[in-house]
Amino acid sequence: MKISKAAKVFLYLMMGFGFSFIYVPLLLVVINSFNTNTSFAWPPTGFTTSWWGKAVVNEGVKDAITRSAVVALFATTIALFLGSLAAAAISRYKFFGRDTISLLFVLPIALPGIVTGIALNNVFTNFLGELTIFTIIVGHATFCIVVVFNNVAARYRRLGANLEEASMDLGANRFTTYRLVTFPLLRSALLAGALLSFALSFDEIIVTTFTAGAGQATLPIWIFQNLFRPNQAPIVNVVAAALILISIIPIYLSQRLTQEKSN
Amino acid sequence: MRDLLNKRAGARAATLISLPLLWLVVLYIGSLFALFITSIWQIDTFTSKIVREFTLQNFIDVFTDRAYFNVTIRTLFVAICVTIICAVIAIPMAFFIARVAKEKSRPVLIALLITPLWASYLVKIYAWRTMFYPEKGFINWLISPIGLSSPGFGIFAVIIGLTYLWLPYMILPIYAGMEKLPTSILDASSDLGAKSARTFFSVILPITWPAIIAGSIFTFSLSMGDYITVQILGGTFQMLGNVVYQNFSLNLPFAAAVALIPVIIMMVYLSSIRKTGALDNL
């Protein structure tokens, strides 16, 4: 395809604009975390690493990170199990109500988080009496299932059923076929789904606000609670900068996954 | 597939689907249902406790009060703006990466685009708070030499913040759609004399439409339910989510009635796009 010079210039301009739109704010947060000025004033007044030192020993931050990690781990485990079961059923069988069910599996992410949040809060407080870390996990698992389901179902669609049929024609039973043929083919989709689901859970704040009990602050909730406290602002900024830097890890992992796929 | 011929296939499908379905139907749909039952109840105005007596007053309040109508329109306006801006930024970028950039640099460019997806929601909004800060923020510093000042917190900051948050959700499906475009069709279009713009509007856009719609589900729905970005970047500006949040602890039946608005809008949207095949592009 030929692309005119004007169109090419336009595309390059849009790339430049898009990338600066994406990166300038993030860069600003990282730079501000070394700013001696405690307000959001730009340009920075001086360089200091003392906020980083203070954030590392902050008990509230440590506590919140641990809780977020535990929640994300459990929610992802539940989602991997239930999401891959559902994807197998919907992708490999035809049954009554299948289309309705596959629409149902989009709802937890298609409906606004605040609706899911207050609906779950209403049920939890009425039936369980109080909110705990367990209710956060249940709330998160509900939308994490969708993420795993989407990833695995997309993989099933792309694979087709030929390999599994061949395996069973050659005498392998269903379990052996799944273990030796289906699972290895699904593995990278499962990993990608798990990664995305972990990241979503770790970052979720809206459903969490309504499913977390008092004193059960996850990291996003901790950030939100401290955002408007002037004396905590530099520490919030350090946490934010650290999260930006840490986010390189899942990107690296997902890159590795796509490379594995193409090889 | 030979499973279709097998009588036990139904039983196997049922076994596989039962657990996930139990979770979603009993817990999720059940909770949603319970919430909307609550919306036809009322509260004791003195104790704020729910009284289980039928009333349509909540809905009458929501649908007759001009203030809630305005909030709904404002929320829709923000969600539509965010979706359009996301698409306008995402389409050229996705096209460039999928079609113009060298194959070698593609994974790097995609990785650079996905980065903000992994950065935390609050961190991103926090970043825009420092950008928009009136009088001392980055935007103010940037545009003050030409005599302008930062718009500060309000609807504009909310739209930009939400666009920033949901942009990757728009880029990824569109990129996947652009990657699948057959080169032969694009070549045919330019061989037949179409200019770049014509090829884009008559060939590329119609083919990638389902992917764009798939992206819009996220940008639209996520914008419509948001209240935290609005709290951080909106100043005094309010959306439906804020109304729900404010009423949630004092008057749950009313909050539930308000929450039904985005649900209805989303349901209408989802069922109207089902035929475009967008749901398979998620």
Exercise. If all Cα-Cα distances of chain B are sorted into 10 Å bins from 0 onward, what percent lands in each bin, rounded to whole numbers?
Worked result: 6, 20, 25, 24, 16, 6, 2, 0
Seminar exercise, completed: Comparing each residue of the range B:15-31 in the complete protein assembly with the chain by itself (heavy atoms, probe 1.4 Å, ligands and nucleic acids ignored), those losing at least 20 Å² of accessible area are B:L16, B:I17, B:L19, B:P20, B:L21, B:W23, B:L24, B:L27, B:Y28, B:I29, B:S31
Exercise. Mind checking the log10 I(q)/I(0) for the range B:59-139 at q = 0.13, 0.19 Å⁻¹? Debye, one equal scatterer per Cα, no solvent, two decimals.
Worked result: -0.72, -1.02
Exercise. Using a ≥ b ≥ c from the Cα gyration tensor of the range B:38-176 (square roots of the eigenvalues), is it rounded, prolate or oblate, where a/c under 1.5 gives rounded and otherwise the larger of a/b and b/c decides, a/b for prolate?
Worked result: prolate
Problem set entry | Where trypsin sites (Lys or Arg not before Pro) in DSSP loops with at most 16 other Cβ within 10 Å are excluded, longest remaining stretch of chain A | A:95-263
Seminar exercise, completed: In this structure, among A:K8/B:K104; B:K102/B:K275; A:K62/B:K124, pairs with alpha-carbon gaps over 26 Å are B:K102/B:K275
Exercise. With heavy atoms of protein chains only and a 1.4 Å probe, what residues of the range B:70-96 have at least 30 Å² less accessible area in the full set of chains than alone?
Worked result: B:I89, B:P92, B:M93, B:F95, B:F96
Seminar exercise, completed: Given a 1.4 Å probe, the accessible area of the range B:26-154 per residue, as a whole number of Å², is 50 Å²
Problem set entry | Per-bin percent of Cα-Cα distances, the protein assembly as shown [20 Å] | 20, 53, 25, 2
Exercise. If you place +1 on the Cβ of every Lys and Arg and -1 on the Cβ of every Asp and Glu, how big does the dipole about the Cα centre of the protein assembly as shown come out, in debye to the nearest 20?
Worked result: 1360 debye
Problem set entry | Rounded percent of accessible protein surface that carbon and sulfur make up, the protein assembly as shown, 1.4 Å probe | 67 percent
Problem set entry | Positive-end residue, the protein assembly as shown charge dipole about Cα centroid, Cβ charges, pick of B:L16, B:Y227, B:F46 | B:L16
Problem set entry | Probe 1.4 Å, protein heavy atoms only - accessible area per residue of chain A in square angstrom | 46 Å²
Problem set entry | Interface A:B - total buried accessible surface [probe 1.4 Å, Å², rounded to 100] | 9000 Å²
For this session: Counting helices only, and only those DSSP H runs with n ≥ 4, report the 222 nm mean residue ellipticity of the protein assembly as shown as the sum of -39,500 (n - 2.57) divided by its residues, in deg cm²/dmol to the nearest 500.
Result: -23000 deg cm²/dmol
Problem set entry | Quotient of Cα Rg and 2.2 N^0.38 Å for the range A:104-263, N being how many residues it contains | 1.33
Exercise. Using +1 on the beta carbon of Lys and Arg, -1 on that of Asp and Glu, and nothing else charged, what's the dipole of chain A about the Cα centre, debye to 20?
Worked result: 800 debye
Exercise. How much accessible surface does B:E53 have with a 1.4 Å probe, in Å² rounded to 10?
Worked result: 100 Å²
Problem set entry | C-alpha center-to-center spacing [the range B:120-141, the range A:178-248] in angstrom | 21 Å
Problem set entry | Cα gyration tensor category, rounded, prolate or oblate, for the range A:60-189 with a/c compared to 1.5 | prolate
Seminar exercise, completed: The distance between the Cα centres of the range B:14-43 and the range A:34-50, in whole Å, is 49 Å
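The values are calculated or read from the model by the stated rules, or taken from the named source; none is laboratory data. Model, not experiment: these values are computed from the prediction. Positions of Cβ are backbone-derived with ideal geometry, glycine not excepted, and every protein chain shown enters the neighbour counts. Side chains included, ligands, DNA and RNA excluded: accessible areas come from the protein's heavy atoms. Shrake-Rupley method; radii C 1.70, N 1.55, O 1.52, S 1.80 Å.
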